[in-house]
1. Quick check, is residue 48 more than 14 Å from the ligand (Cβ to nearest atom), polar (S, T, N, Q) and without any contact (Cβ under 8 Å) to a residue 24 or more places away in the chain?
2. If a residue must be within 11 Å of the ligand (Cβ to nearest atom), in a helix (DSSP H, G or I) and not basic (Lys, Arg), how many such residues does the stretch 317-362 contain?
3. Which of the residues belonging to the stretch 110-119 are touching a helix residue (DSSP H, G or I) at 6+ places or on another chain (Cβ under 9 Å) and either of a type in the set (Val, Ile, Thr) or assigned to a helix (DSSP H, G or I) (or both)?
4. For the stretch 251-262, state whether one or more residues are closer than 25 Å to residue 34 by Cβ and more than 21 Å from the chain's Cα centre (by Cα).
5. Within the stretch 37-51, how many residues turn out to be out of contact with any helix residue (DSSP H, G or I) (no Cβ under 7 Å at 6 or more places or on another chain) and under 18 Å from residue 351 (Cα atoms)?
6. The conditions are (1) surrounded by 14 or more Cβ atoms within 10 Å (Cβ to Cβ); (2) in the same structural domain as residue 28 (by TED's automatic domain parsing); (3) not hydrophobic (A, V, I, L, M, F, W, C), and residue 273 fails exactly one of them. Which is it?
7. Checking the condition β-branched (Val, Ile, Thr) and more than 16 Å from the ligand (Cβ to nearest atom), which residue from 174, 231, 236, 224 passes?
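The values are calculated or read from the model by the stated rules, or taken from the named source; none is laboratory data. All figures in this text were calculated on a predicted structure; none of them were measured in a lab. Here the Cβ positions follow ideal geometry from the backbone for every residue, glycine too, while neighbour counts run over all protein chains shown. For the accessible areas, the whole protein counts, side chains as well, though only heavy atoms, and no ligand, DNA or RNA atoms are used. Shrake-Rupley method; radii C 1.70, N 1.55, O 1.52, S 1.80 Å.
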Amino acid sequence: MRNRVLIVGAGLTGATLANLLAEKGHKVLVIDKRSHLAGNCYDQVREQILVSRYGAHLFHTNDQAVWKFLQKFADWRTYEHQVLTRINDQSVTLPVNINTINQLFGLKVKTGEEMRHFLSKQALPIKKINSLADYLLSNVGQAIYQKIFYGYSRKQWGIDPARLDVSLSSRLPIRYNFDNRYFTDNYQALPVGGFSTLVKKMLDHPKIEVKLKKDFFKLTKSFIKDFDKVIYTGPIDQYFNYRHGRLEYRSLKFIFKKIEQEFFQNNAVINYPDLSVPYTRIIEFKYFDPSAKPTKYTIIAKEYPKSKGEPYYPVPRARNQRVLAKYLAEAKELEKKGVYFAGRLGTYCYLNMDQAVTGAMKLAERIA
Ligand SMILES: Cc1cc2nc3c(=O)[nH]c(=O)nc-3n(C[C@H](O)[C@H](O)[C@H](O)COP(=O)(O)OP(=O)(O)OC[C@H]3O[C@@H](n4cnc5c(N)ncnc54)[C@H](O)[C@@H]3O)c2cc1C
């Protein structure tokens, strides 16, 4: 028998690590303080519709190793996500592409070159790009910025985009073509049966034991000492009892509603950038599984951003990076004692699901 490993968190990071370490012969205990598996990817069937508890989760990756690894635990159905943005009574496509500017400005742009020419007349000449607002204004100009990005970002992050880190721009690409897909990755799919079923399968291994409703901070020291390695995927600042300060997160309130009509809206996700609308987007879950049995009703979720609550999105600000650096330095030292930090909360990094799996695969390789 190899080492005993305690994994804190049964999300995609914890499940990947558990599976890979168990395969290498380690005996693994996975705990989670929630009453369910799969972390923020958790979904469940409600009245015949698969509903994500923590917001829509769309899998996309260019990483072949991750894609191959996840094939073992589910059949995957191709799903190419599209997003619409509601501006007054009009719906326009996102990311900004040729269709978006044609819809917004009543143009007949046909080529990437024409789009570049149009945007070059809109774009503001900003020499040094210091913020998300700078990036957007210097690429698309004031009109598109105000209509599509300002209100959404303001609501999502609770601060003016002029104070948001430019790193967020990687999530807001501008496309000089007609590609309406939200992601362009080689692999875009959803696991048949949902992410909870996928994670359950990952953890279904004779060397893995899972205990839910178990908070790491309520375990006794002697219980933890029994393990040769601890992998912690909870919030890194909490592990150190916030001694360098709290890391800021944005949270969300999800308001779910069953509606007695076949469909509520004409797309899976519609964004609402208008500041007078308190939510940022509406998700209609039926669209994620066109093969599901038709129902006469539908289920939607409205997302209301907030600062307190479950930690979802690390806030990309310099102050948080400074605090994080202190925690990461301590975390590095703890590796000598067999304690490792991983995942979205453990590294305070907004990871997509595939990045969470990649990180876990690398860590498993390193410590197995
Ligand atoms: C609203 C939203 C939408 C998203 N949409 C997408 C998307 O479309 N595509 C995509 O690729 N990614 C998406 N993501 C990101 C995706 O959720 C993450 O990549 C993934 O969940 C990371 O997994 P994780 O295991 O690192 O973290 P988590 O899923 O957060 O899991 C961590 C687990 O640790 C547990 N835990 C924490 N503290 C303790 C403790 N003290 N004791 C015991 N257990 C503890 C938590 O309960 C949790 O279950 C989205 C995230 C959010 C918030």
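1. no
2. 11
3. 111, 112, 114, 115, 118, 119 - these are the residues of the stretch 110-119 that are touching a helix residue (DSSP H, G or I) at 6+ places or on another chain (Cβ under 9 Å) and either of a type in the set (Val, Ile, Thr) or assigned to a helix (DSSP H, G or I) (or both).
4. Looking through the stretch 251-262, at least one residue is closer than 25 Å to residue 34 by Cβ and more than 21 Å from the chain's Cα centre (by Cα).
5. Total satisfying the criteria: 1.
6. (2)
7. Checking each option against the conditions leaves just 174.
A quick yes/no check of all residues on (1) in a strand (DSSP E or B); (2) within 9 Å of the ligand (Cβ to nearest atom); (3) open to solvent by 10 Å² or more (accessible area, probe 1.4 Å):
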site: 6; (1), (2), (3): yes, no, no
site: 14; (1), (2), (3): no, yes, no
site: 21; (1), (2), (3): no, no, no
site: 25; (1), (2), (3): no, no, yes
site: 28; (1), (2), (3): yes, no, no
site: 37; (1), (2), (3): no, yes, yes
site: 44; (1), (2), (3): yes, no, yes
